[in-house]
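Following: one structure in C-alpha cells, then a few remarks.
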Amino acid sequence: MRRELKIKTQWKMFLFQLSAIVCQLKKIEVLDPGAKSLVFSSWVDVLKALGDALAENGIKFSSLHERGSFVASVKKFKVCSTTL
C-alpha cells in the first residue's frame, strides 16, 4: 500500500515558489547562456533551500550569505563570467 505524503498548505506554496524560481532561471539559461540573475531574500533558510534546488538542477550559483564580504562578492558577480 502506498502512503500519500501530506504536506501542509503553507509548505506546498513554498515548494511551488522554489520550483517556479528554478524554472524561470532555467528558461533564462536557455535563452541567454551568459545571463546572470540575482535572487534576494531576507531569510537565509530560503536561500539555502533555493541553493539546494539550483544545485540539483545543474544551475551554477553563488550565495552572498555564505561568503565573507558582501561588497567583494558583488564585485565578483559583476566581473566574472561564471559563478565561483
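The values are calculated or read from the model by the stated rules, or taken from the named source; none is laboratory data. Every value quoted in this text rests on a predicted model; they were computed, and no experiment measured them. Cβ sites come from the backbone with ideal geometry, for glycine too, and all protein chains shown count toward neighbours.
Matching residues to (1) at pLDDT 90 or above; (2) in contact with a Leu (Cβ under 6 Å, 6 or more places away or on another chain); (3) in a helix (DSSP H, G or I); (4) at positive phi:
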site: 14; (1), (2), (3), (4): no, no, yes, no
site: 30; (1), (2), (3), (4): yes, no, yes, no
site: 36; (1), (2), (3), (4): no, no, no, no
site: 41; (1), (2), (3), (4): no, yes, no, no
site: 46; (1), (2), (3), (4): no, no, yes, no
site: 51; (1), (2), (3), (4): yes, no, yes, no
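Among the residues of region 58-72, those that are modelled with pLDDT under 75 and charged (D, E, K, R) comprise 66, 67.
Every condition in (1) in a helix (DSSP H, G or I); (2) modelled with pLDDT under 80 is met by residue 24 except one, and the failing one is (2). Taken over region 28-42, the criterion of being farther than 18 Å from residue 78 by Cα and surrounded by 10 or more Cβ atoms within 10 Å (Cβ to Cβ) is satisfied by 41 alone.
Taking each residue of region 16-44 that is acidic (Asp, Glu) and looking for partners that are in a loop (DSSP other than H, G, I, E, B) and surrounded by 14 or more Cβ atoms within 10 Å (Cβ to Cβ) with beta-carbon atoms closer than 7 Å, six or more apart or interchain, yields 29/59.
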